[in-house]
Amino acid sequence: MEKKPLLEVKNLKTHFHTERGQITAVDGITFHLNEGEIVGVVGESGCGKSVMSQSIMRLYDEKYTAKYEGEILFQGENLLNLSKAMMQKIRGNDISMIFQDPLSSLNPVYTIGDQIRESLMIHQNLNKREAQQKAIEMLGLTGIPAPEKRINEYPHQLSGGMQQRVMIAIALSCQPKLLIADEPTTALDVTIQAQILDLIAELNAQLGMGVIFITHDLGVVAEICTRVMVMYLGQIVEETDTDCLFSEPLHPYTRGLIKSIPQLEGERLQKLYTIDGTVPSLQKVPHGCRFASRCPYADELCKEQAPELEAYSATQKVRCWHYKEILKKEAVHESSNE
Amino acid sequence: MAAVKEVDRVRTIKASLKKQERQLFFRRFFANKLMVMGCFIFIVLGLIALIGPMLVSYDPYEMKVAERLNAPSGEHWLGTDEFGRDLLTRIVYGAQVSMGIGLIVTLISSILGLVIGLYASYYAALDHILMRICDGLMAIPGILLAIALMAALGPSPLNVIIALSIVFTPNIARIVRSSALVIREQTFIEAMHAQGASATRIIWQHIAPNTISPLIVQATFVFAEAIISEAALSFLGAGIAAPDPSWGNILQAGKLVIFKAWWMVVFPGLAIVLSVLGLNLLGDGLRDFIDPHSSGKKSK
């Protein structure tokens, strides 16, 4: 039995107008998200993860800076066709977002109670007292002790973890169907990170919302995501379920990412693996495969022609010419090692 | 039982923290001696303007030819003017006019400047139009612009207010716009967009409160400048017309008799200097007081 898709993104492209011409930060992304599912999006800095997530909410100014193409079907409705006012109703109410840096995501001049109440009062027409009740309830839900006291504090009086909980409370206050979490744990230390991840997973199970979880931390992905998309330079290079991501990574880029996780076991003085080079500029996107310049397996074909995203198994898709050969080679390599 | 005690303990700690915070606030406030002085001068002059007229015993308009140009004495503390009117009385009434106009001009240009600055910072198209108009107004020296406007409008207190408000609004609009431009790029504004807040809500609820402190600082300077400008206009005969007293036109009358009656220039001049000095000291102090980055340096 197929689950109903909550969000379907079809060939989404986001172009930015810059002084040096138009650049395409998100270039033809297609994916879907089922209700109650947590999908991870991983990739290096500058590969378009955040642009993609903000495009889904249409947060870029369409008059001067950005242009969207493709389709974003949210519960069957194309968000790109909606008017500004309709979009405003959806933001915060049906789709919410958590940002990377919790302190700068909160307005310093208002108490956290004011800020949680605000979106309740915008979207749910609650009066101040009802909103206050609900706000305290939400704060409690995110695991802040003594929420009825904390609610009158200002953002700077809270620790980073607390601030991120407040952000989550704000984002979830209207019970959205989709939550976009844009690196919500990057600015936090590891123990707090684990708590926040648990919280998101727990609330996901409790409230049944879909979550798009953007991160560059594969450990985080392993922890809470069911499926993962690996992005590189504005495109999805691999889509897979979490188990296969680690057991059978297909794309050389994914392999590189996994290899660059520091290992606790094994030889001590081993140098940490890195992927050579950096993400190329979006101004001169390579002609062929976008990863070719950094790929150890690249050949002439890769430089000439861009591969398409093709299905490998029911749950795995990959954008690479040579993934089958690489898979074989690595398998031999590994068995000879043992 | 233990829990109750714990709650009490937390409560007393919180109360003492609040008290400490308040003490810290006052200590920081009083650490800046110049600001306290400015504040004091300003408050005294404000009180004089408010309740002074009730305290003086002469009529500011009643002429006594026999007593013209009397030097300061026990009867007329600051002497009399060329029509035999008590100078102290006229300066006190003049304070009401000069500071009243200063205050109203400050309020009007602050409110207009806030609106213009906020909308200019938010809408790029509006920004070009509004800021070019502001540039145009700011390109003309303020006093010249005020004189030109007064010549066009004709002298009356209301017109002085209109003219000076036009002169000072661009100042405030610039300040508000520049700090609003910084605020609107912050993540919490983006977060508010993501929460589905409307543009109006974002501008007034979230950007405006963050621009208030630079606005207040600038407003104190505008207040001071407005007092000088009003005095200058009245001195040049383009502001408050005699016989209504204003510091500027008392000074102008004094100019004609400067060698016979020094008090006619010294005292109204002193009133202007004191009020402007007080406001400038207050503004300078407030700037340091409000800006958290400078507090460390100033507390030495």
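The values are calculated or read from the model by the stated rules, or taken from the named source; none is laboratory data. Just so we're clear, the structure is a prediction, and the values are computed from it rather than from any experiment. Quick reminder, even Gly has a Cβ in these numbers, built from the backbone with ideal geometry, and neighbours come from all protein chains shown. SASA here: full protein model, heavy atoms, side chains in, ligands and nucleic acids out. Shrake-Rupley method; radii C 1.70, N 1.55, O 1.52, S 1.80 Å.
Hey, can you tell me all the residues within region B:62-87 that are on the phi < 0 side of the Ramachandran plot, open to solvent by less than 30 Å² (accessible area, probe 1.4 Å) and part of a loop (DSSP other than H, G, I, E, B)?
Within region B:62-87, B:76, B:81, B:85 qualify.
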Worksheet item: Within region B:186-206, is even one residue touching a residue at least 40 places away in the same chain (Cβ under 8 Å), in contact with a Ser or Thr (Cβ under 7 Å, 6 or more places away or on another chain) and on the phi < 0 side of the Ramachandran plot?
Response: no
Worksheet item: Quick check: is even one residue across region A:208-217 farther than 24 Å from residue A:120 by Cβ, away from every other protein chain (no Cβ under 13 Å), of a type outside the set (A, V, I, L, M, F, W, C) and open to solvent by less than 20 Å² (accessible area, probe 1.4 Å)?
Response: yes
Fill in: Selection status of residue A:86, more than 14 Å from chain B (Cβ to nearest Cβ), part of a helix (DSSP H, G or I) and on the phi < 0 side of the Ramachandran plot
no
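Do you know which residues across region A:26-46 are buried (at least 19 other Cβ atoms within 10 Å of the Cβ), under 15 Å from the mean Cα position of the chain (by Cα) and farther than 15 Å from residue A:239 by Cα?
A:26
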Fill in: Set B:164, B:181: member being surrounded by fewer than 22 Cβ atoms within 10 Å (Cβ to Cβ), in contact (Cβ under 8 Å) with a residue 60 or more places away in the chain and more than 14 Å from chain A (Cβ to nearest Cβ)
B:181
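Of the residues A:187, A:201, which single one is open to solvent by 40 Å² or more (accessible area, probe 1.4 Å) and under 19 Å from the mean Cα position of the chain (by Cα)?
Working: A:201 fails: open to solvent by 40 Å² or more (accessible area, probe 1.4 Å).
Only one candidate passes the filter, namely A:187.
Go through B:188, B:221 for me and flag whichever is closer than 30 Å to residue A:86 by Cα and open to solvent by less than 60 Å² (accessible area, probe 1.4 Å).
Matching residue, one of B:188, B:221: B:188.
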Response to the item:
Of (1) assigned to a helix (DSSP H, G or I); (2) under 30 Å from residue B:91 (Cα atoms); (3) open to solvent by less than 30 Å² (accessible area, probe 1.4 Å), residue B:173 satisfies every one except (2)
Discussion item. If I ask for residues that are within 14 Å of another protein chain (Cβ to nearest Cβ) and touching a Lys or Arg at 6+ places or on another chain (Cβ under 9 Å), which ones from region A:120-156 would you list?
Written reply: A:120, A:121, A:122, A:123, A:124, A:131, A:135
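Checking the condition at negative phi and touching a residue at least 60 places away in the same chain (Cβ under 8 Å), which residue from A:33, A:79 passes?
Working: A:79 fails: touching a residue at least 60 places away in the same chain (Cβ under 8 Å).
Answer to the selection: A:33.
Mind checking which residues of region A:310-321 are assigned to a loop (DSSP other than H, G, I, E, B) and surrounded by 18 or more Cβ atoms within 10 Å (Cβ to Cβ)?
As a first pass, look at region A:310-321 and keep what is assigned to a loop (DSSP other than H, G, I, E, B): A:312-316, A:319-321.
Listed by number, the residues that qualify are A:312, A:316, A:319, A:320, A:321.
Working only within region B:102-133, note down all residues that are closer than 30 Å to residue B:278 by Cβ and buried (at least 21 other Cβ atoms within 10 Å of the Cβ). Walk me through how you get there before you give the answer.
Here is the first cut: in region B:102-133, the ones closer than 30 Å to residue B:278 by Cβ are B:102-118.
Listed by number, the residues that qualify are B:102, B:105, B:106, B:109, B:110, B:113, B:114, B:116, B:117, B:118.
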